[in-house]
Amino acid sequence: MENNSAITEARNHTHKLVLNKDIRKKIHGDNFIGKINTYIAVKITQIVGSMWCAYIFVLITLVSLPAAIASHDPIVIISWIAQTFLQLVLLPIIIVGQNVQAAASDERAKHDHATLNAIHALTAEIYKINKQQTEILDLLENK
C-alpha cells in the first residue's frame, strides 16, 4: 500500500496558485526584451481595452457617418456600420469584457486554491489518523 507511486506523489504534491499575471512571462519570455514586449502589450491592451477608448472610437466613427448617409448607397452605409463602427467600437468593449472575465477567473482560482489547501490539510490529517489506527490494529493482531 505504501509503495504506490501515485499515492506517494499525491502526498508530496504542493499546491501552486497560478493567476493570469503569472503566465505573462511565458508569452514573450522572462528576459529584458520579453519584459519590454509584455509591458508594451499590456499597456496598449489596458488603454484600448477601456470603455473610455470605446467612447472615443464612437466619436471617431461618427465623423464619417454623415458622408456614408449622404451617399444614399446601401453598400456604403452597411460598410460604414460593419467596417467602421462595429469593428472599431466592439474591439475595446470585447477587451473590457475579457478583462472582467479574467479577473473573475483569478478570483475563482484564489478561492479554489484556498479550498484545495484546506482539503489537502484535512486529508493529510485523516491519513495520519488512519496510519495510527492501522499501527494499533497491527499491534493488537500480533498480541
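Screening residue 67 with (1) within 30 Å of residue 11 (Cα to Cα); (2) of a type in the set (Gly, Ala, Ser); (3) open to solvent by 60 Å² or more (accessible area, probe 1.4 Å) gives one miss only, at (1). A single member of 122, 116 is surrounded by 10 or more Cβ atoms within 10 Å (Cβ to Cβ), in contact with a His (Cβ under 8 Å, 6 or more places away or on another chain), within 17 Å of residue 11 (Cβ to Cβ) and not small (Gly, Ala, Ser), and it is 116. Put simply, of 21, 25, 16 the only residue that is touching a Lys or Arg at 6+ places or on another chain (Cβ under 9 Å), at pLDDT below 90 and open to solvent by 90 Å² or more (accessible area, probe 1.4 Å) is 25. Among the residues of segment 94-111, none qualifies, meaning not one is among the acidic types (Asp, Glu), within 30 Å of residue 7 (Cβ to Cβ) and open to solvent by 80 Å² or more (accessible area, probe 1.4 Å). Can you spot a residue in segment 42-58 that is open to solvent by 80 Å² or more (accessible area, probe 1.4 Å), closer than 30 Å to residue 115 by Cβ and within 21 Å of the chain's Cα centre (by Cα)? Within segment 42-58, none of the residues are open to solvent by 80 Å² or more (accessible area, probe 1.4 Å), closer than 30 Å to residue 115 by Cβ and within 21 Å of the chain's Cα centre (by Cα).
The values are calculated or read from the model by the stated rules, or taken from the named source; none is laboratory data. Just so it is clear, the structure is predicted and the values come from calculations on it, not from any experiment. With ideal geometry, Cβ positions are generated from the backbone for all residues, glycine too; neighbour counts draw on all protein chains shown. Note: areas computed on protein heavy atoms with side chains; ligands, DNA, RNA excluded. Shrake-Rupley method; radii C 1.70, N 1.55, O 1.52, S 1.80 Å.
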